[in-house]
Amino acid sequence: MTIVHGGLAVAATSAISIDNAHAHGLHLVDAGTPAPTTLTGRLADFVANARFDRPTLVMDLDAVAERYRLLAAALNPAHIHYAVKANPAPQLLARLAAEGSNFDVASRGEIEQCLALGIPAARLSYGNTIKRRADIAFAAAAGVTMFAFDSEAELTKLADVAPNTTVYCRVLVDGTGAEWPLGKKFGCADQMAEELLVRAVELGFQRPGISFHVGSQQTDLGAWDRCFARARALIDRLAARGVDIGLINLGGGFPSTMTRSKAQEPRVYAETVRAHALRHFGDLDVHMIAEPGRGLVADAGCIVCEVVLVSEKGDGDDRRWVYLDIGKFSGLAETMDEAIRYNFETPDNGGPEGPVVIAGPSCDSADVMYEKNAYSLPVSLQEGDRVLILATGAYTTTYSSVGFNGFPPLDAVCL
């Protein structure tokens, strides 16, 4: 049996029990026969016994807490600053705060959300290098003390409205080896970073820092080593000019292990990053932080959706087109250019399969998730079949549009 609330069916074994269902304005329905899945634990139990009337992300907060503890231990002495942008669900932020996490915020909205949950401003780092002057002033007044920049104009804003804080310059990284490279939008060249950090000291900022990002879903551990080597060379040049670096932000890039990419097990991955960091920076008196987002929460989430249509084009292509009730505009934006390659599960996993193109439901020709990458799904797949999309706990709800084509945004449940 399941409990249904606002179109969402919640397993009777979840936090809302059968006994108090009516007190919450809920009613019960039969969930039917659970479909097979490789999910484990209470996430698997919930998904198997719940029904949904729209695409829904289900998050297991116990799994998030477990991954946090693993990363915090493996990356020590670097302090975790969870990238709120990955998934800002209030229950998730509260759970991470209780575990001791700090937070990387990208906007005034994320700052306000953290403050509303009782998270002290001192545990926030404002990592966006593109900030409105008014938002910098708001953050500084609230007690945020760490701010990123990558240009002289941004540094000048910080000096004007957030003096006596810690600023750190983001260095440009090419993102080789990452499934979602960050390009040239963020960061500056090493030589420019050197001059900007000299200027930061001239403006009165004490012991500024440097930061970098190796690219999201980075599967090449060597990328970290190469990046750290460049950073150490920059630090040494600055030291020769009298600039003492006090902060090193290792950034994000920690991968999900449940997509189609080949990523190391999380503990091994994080311990390798730590070893690289200590080899390059271990002799320095610096505060180190890291900003995992996807690597912290993605594997704890699963999107439940369903097949809307299975069709063929009759143009000599032997692939079926499988249309889901979720697409690029309702949570799967990271399938753009087929960058993040999610794994799918269906009721007939293990049966005969055939090649498919996977697309969303909207009236936009760009709403095709996978056409170039080879995907196969059961030949028996039909309208109404449930589909699970794994490792979707990051960058899905926040990318979901508010109602493109009239389709609702992605729902979410935290267990």
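Brief remarks on what is shown
- Condition check for ALA374: buried (at least 19 other Cβ atoms within 10 Å of the Cβ) and not in a helix (DSSP H, G or I): no
- When the criteria are applied in full, SER362 meets the requirement of being assigned to a loop (DSSP other than H, G, I, E, B), out of contact with any strand residue (DSSP E or B) (no Cβ under 8 Å at 6 or more places or on another chain), at pLDDT below 95 and surrounded by 18 or more Cβ atoms within 10 Å (Cβ to Cβ).
- Some residue of segment 87-108 being surrounded by 19 or more Cβ atoms within 10 Å (Cβ to Cβ), more than 22 Å from LEU155 (Cα to Cα) and either in contact with a Gly (Cβ under 7 Å, 6 or more places away or on another chain) or of a type in the set (D, E, K, R) (or both): yes
Per-residue answers, yes or no, for (1) within 17 Å of PHE103 (Cβ to Cβ); (2) buried (at least 22 other Cβ atoms within 10 Å of the Cβ); (3) without any contact (Cβ under 8 Å) to a residue 60 or more places away in the chain; (4) touching a helix residue (DSSP H, G or I) at 6+ places or on another chain (Cβ under 9 Å):
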site: ASP135; (1), (2), (3), (4): yes, no, yes, yes
site: PHE138; (1), (2), (3), (4): yes, no, yes, yes
site: PHE147; (1), (2), (3), (4): yes, yes, yes, yes
site: ASP150; (1), (2), (3), (4): no, yes, yes, yes
site: CYS169; (1), (2), (3), (4): no, yes, yes, yes
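- Residue, surrounded by the most Cβ atoms within 10 Å (Cβ to Cβ), within segment 56-76, restricted to residues that are of a type outside the set (A, V, I, L, M, F, W, C) and within 19 Å of the chain's Cα centre (by Cα): ASP60
- Checked against the criterion of being closer than 15 Å to THR398 by Cα, at pLDDT 95 or above, among the aliphatic types (A, V, I, L, M) and surrounded by 21 or more Cβ atoms within 10 Å (Cβ to Cβ), the candidates ILE303, ILE289 yield just one match: ILE303.
- Residue match in segment 111-119 (condition: of a type outside the set (Phe, Trp, Tyr), on the phi > 0 side of the Ramachandran plot and surrounded by fewer than 21 Cβ atoms within 10 Å (Cβ to Cβ)): yes
- Search result, residues across segment 311-322 that are surrounded by fewer than 21 Cβ atoms within 10 Å (Cβ to Cβ), of a type outside the set (Gly, Ala, Ser) and not in a loop (DSSP other than H, G, I, E, B): ARG320, TRP321
Quick grid of which residues meet (1) farther than 25 Å from GLY252 by Cβ; (2) in a helix (DSSP H, G or I); (3) modelled with pLDDT of 95 or more:
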site	(1), (2), (3)
PRO34	yes, no, no
THR38	yes, no, no
LEU43	no, yes, no
VAL47	yes, yes, no
LEU57	no, no, yes
ASP62	no, yes, yes
ARG69	no, yes, yes
ALA72	no, yes, yes
ILE80	no, no, yes
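- Whichever residue in segment 263-290 is in a helix (DSSP H, G or I) and among the hydrophobic types (A, V, I, L, M, F, W, C) and, among such residues, is nearest to the chain's Cα centre (by Cα): ALA270
- Complete set of residues in segment 333-354 that are in a loop (DSSP other than H, G, I, E, B), more than 15 Å from THR392 (Cβ to Cβ) and touching a strand residue (DSSP E or B) at 6+ places or on another chain (Cβ under 8 Å): THR346, PRO347, ASP348, ASN349, GLY351, PRO352
- Segment 151-177: number of residues that are under 19 Å from GLY204 (Cβ atoms) and either of a type in the set (Asp, Glu) or assigned to a helix (DSSP H, G or I) (or both): 10
- Hey, ASP135 acidic (Asp, Glu), at pLDDT 95 or above and either in a helix (DSSP H, G or I) or more than 25 Å from the chain's Cα centre (by Cα) (or both) or not: yes
- SER401, sole failed condition from (1) buried (at least 19 other Cβ atoms within 10 Å of the Cβ); (2) modelled with pLDDT under 95; (3) closer than 27 Å to GLN217 by Cα: (1)
The values are calculated or read from the model by the stated rules, or taken from the named source; none is laboratory data. None of the values given here were measured: they were computed from a predicted structure. Heads up, the Cβs are rebuilt from the backbone with ideal geometry, glycines too, and the neighbour counts pull from every protein chain shown.
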